[in-house]
Amino acid sequence: MSKKIFSGVQPTGNLHLGNYLGAIKNFVELNNDDENECIFCVVDLHAITVKQDKEQLKNNIRETTATFIASGIDPNKSIIFNQSKVHAHAEGSWILSCMSPMGWLNRMTQFKEKAGKDKEKASVGLYIYPILMASDILLYDTTHVPVGEDQKQHLELTRNIAQKFNKDFNSEDFFKVPEPLIKKNFSRIMSLKDGLKKMSKSDFSDLSRINLTDTKDEIINKIKKAKTDSFPIPNEESELKDRPEATNLLGIYSSILNQKLEKTLVEFGGKNFSEFKIQLSEILSNKIAPISDEIKRLIKDREYLDRILLEGANKADEIANKKIKEIKKIVGF
Ligand code: AQP
């Protein structure tokens with residue numbers, strides 16, 4: 001069955017290994033299947049839910065686009081565009097906000113994590129971020145959404161909003177109820193400095209993540225400094241309990257090689273981390289360095305990137321505009 005795919009990435013800084021293994025690797029596989037219709041969005045409206053530097057934001061939009069292409073998304077097969085260029089996203093978000101109960105939003109854990117202790121100072125945009133995400137997805141009759149595990153709750157909310165709209169307005173099947181596509185294993189990559197915290201662009205420490213623009217030497221250095229514990233690598237998965245940093249590094253290795261953790265433990269069980277880290281750096285650099293080189297090449301070609309975004313926005317606008325007109329009609333405008 002052909003799938004309609006939609007997913008987004010925020011242009012909030014260098015994309016990292018978590019974005020790659022949790023989302024972009026999956027985007028590329030979906031893009032490569034000719035049955036699928038894929039839309040990949042640089043979600044710049046989401047990015048401004050926290051303060052952004054204007055010039056930096058412009059650069060990040062291009063860099064995220066370059067990262068999509070350098071990772072293997074083909075702009076001739078998939079639509080790539082930035083969200084702010086298609087006004088239906090914001091319009092849809094407002095309409096959906098008006099029919100989404102506050103109670104649903106109050107349960108969102110990402111807001112709690114990102115707003116931190118001082119949630120009175122967090123923007124209203126950050127609070128209603130999941131509704132904009134629902135609008136993004138529902139405008140394109142999306143059937144499947146490839147995301148990292150951290151977005152599972154937001155996807156569930158999107159499904160609830162779609163069902164509520166269909167019911168409230170007596171419009172059965174108007175919004176498709178999308179399915180999440182979340183990798184079964186290692187769909188949440190953790191910080192290299194703290195195995196309990198997710199790897200994130202906004203972590204103040206660059207040593208906490210592998211950026212997709214890192215060089216081979218930077219990767220080697222970061223893996224060398226990555227936190228581990230004093231025990232050797234176990235033979236059994238059960239022995240990794242309460243060892244989050246060890247689990248994360250072994251998970252990254254397995255995920256890059258598309259192999260089960262079990263196999264990685266057979267390879268390294270009983271060995272110490274210094275030996276494992278050398279191998280991990282090697283496979284990571286083999287994977288990331290070519291992407292990094294390609295991002296750096298593409299980023300210089302602003303004209304090309306702007307053209308991809310413009311062509312993508314025109315195609316996306318055509319689809320989204322049709323849907324928003326129908327939404328407005330249903331609502332009574
Ligand atoms: N650590 C992660 N492990 C697995 N998947 C991840 N994703 C993000 N971090 C991890 C997935 O990447 C996609 C794009 O995410 P995003 O950039 O739109 O937003 P985010 O989840 O908020 O990512 P960051 O890095 O934490 O950004 P900042 O620091 O700017 O908030 C999503 O599919 C996400 O699941």
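For the chain, what is the convex hull (Cα atoms) projected area averaged across all directions, in square nanometres? Walk me through the numbers on the way to the answer.
Numbers: hull surface 70.5 nm².
Result: a mean projected hull area of 17.6 nm².
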Practice task
Treat every Asp and Glu Cβ in the stretch 1-140 as -1 and every Lys and Arg Cβ as +1, leave all other atoms uncharged, and give the resulting dipole magnitude about the Cα centre to the nearest 20 debye.
Solution key: 520
Handout entry: Among Lys119, Lys241, Lys224, residue whose mean-square fluctuation peaks in a GNM of the chain (springs only between Cα atoms under 10 Å)
Key = Lys241
Problem - Label zone at Ile278, where the point sits 7 Å out along the Cα-to-Cβ direction: the stretch 205-242 residues whose backbone N lies under 15 Å - result: 220-221, 224
Practice task
Considering the options Ser78, Phe231, Tyr129, tell which one lies farthest towards the positive end of the dipole of the chain, charges being +1 on Lys and Arg and -1 on Asp and Glu at the Cβ, about the Cα centre.
Solution key: Tyr129
Exercise for the section: Mind pulling the angle between the C-alpha long axis of helix 216-225 and the longest principal axis of the chain? Nearest 10 degrees, somewhere in 0 to 90. Expected result: 70
Handout entry: Relative contact order (%) - criterion: Cα under 8 Å, at least six apart; region: the stretch 1-104
Key = 35
Practice task
Show me 87-94, 214-221 ranked by packing, highest mean number of other Cβ atoms within 10 Å first.
Solution key: 87-94, 214-221
Handout entry: Set of the stretch 258-272 residues, backbone N closer than 13 Å to the point 7 Å along the Cα-Cβ line of Glu29
Key = 258-260
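With only alpha-carbon atoms in the gyration tensor, what are the semi-axes of the equivalent ellipsoid for the stretch 27-159, in Å, largest first? Please report the intermediate quantities before stating the final value.
On the way: eigenvalues 133, 68, 39 Å².
Semi-axes from the Cα gyration tensor: 26, 18, 14 Å.
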Problem - Paramagnetic label zone (point 7 Å from Cα along Cα-to-C-beta, Thr109; backbone N under 13 Å) in the stretch 229-248 - result: none
Problem - Within a Gaussian network of the chain (alpha carbon springs, distance under 10 Å), most fluctuating of Pro130, Pro178, Pro101 - result: Pro101
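For the chain, what is the accessible area per residue in Å² when the probe is 1.4 Å?
That works out to 50 Å² per residue.
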Exercise for the section: For the stretch 19-57, run through the GluC sites (Glu not before Pro) and keep only the ones in DSSP coil with at most 10 other Cβ atoms within 10 Å of their Cβ. Expected result: Glu35
Practice task
Among Leu17, Leu240, Leu250, determine the one that fluctuates most according to a GNM of the chain built with springs between C-alpha atoms less than 10 Å apart.
Solution key: Leu240
Handout entry: Tensor-based shape of the stretch 123-183 (alpha-carbon gyration tensor, a/c under 1.5 rounded, otherwise prolate or oblate)
Key = oblate
Problem - Computed [θ] at 222 nm, deg cm²/dmol, the chain (DSSP H ≥ 4; -39,500 (n - 2.57); rounded to nearest 500) - result: -16500 deg cm²/dmol
Fill in the blank from the handout: XL table Lys51/Lys296; Lys4/Lys121; Lys4/Lys325; Lys85/Lys260; Cα-Cα > 32 Å flagged, in table order, is Lys4/Lys121; Lys85/Lys260
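Once you sort the root eigenvalues of the Cα gyration tensor of the stretch 4-98 as a ≥ b ≥ c, which label holds: rounded (a/c under 1.5), prolate (a/b larger than b/c) or oblate (the other case)?
On the way: a/c = 1.95, a/b = 1.24, b/c = 1.58.
Judged from the Cα gyration tensor, the stretch 4-98 comes out oblate (a/c at least 1.5, b/c at or above a/b).
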Exercise for the section: Calculate what fraction, in whole %, of the accessible area of the chain sits on carbon and sulfur atoms when a 1.4 Å probe is rolled over the protein chains. Expected result: 51
Problem - Calculated on alpha-carbon atoms, Rg and Dmax of the stretch 196-333 in Å - result: 21.7, 67
Practice task
Subtract the Cα-Cα distance of Asp317 and Asp229 from 0.36 nm times their separation in residues, and report this length gain in nm to one decimal.
Solution key: 26.6 nm
Exercise for the section: Mind giving me the nanometre distance, one decimal, between the label points for Lys271 and Arg307, set 7 Å out from Cα along Cα→Cβ? Expected result: 4.7
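How would you order 269-276, 136-143 from highest to lowest mean count of nearby Cβ atoms within 10 Å?
On the way: 269-276: 13.8, 136-143: 23.0.
Result, highest mean first: 136-143, 269-276.
The values are calculated or read from the model by the stated rules, or taken from the named source; none is laboratory data. All values derive from a computational prediction rather than experimental measurement. All Cβ positions, even for glycine, are placed from backbone atoms using ideal geometry, and neighbour counts span all protein chains on display. Side chains included, ligands, DNA and RNA excluded: accessible areas come from the protein's heavy atoms. Shrake-Rupley method; radii C 1.70, N 1.55, O 1.52, S 1.80 Å.
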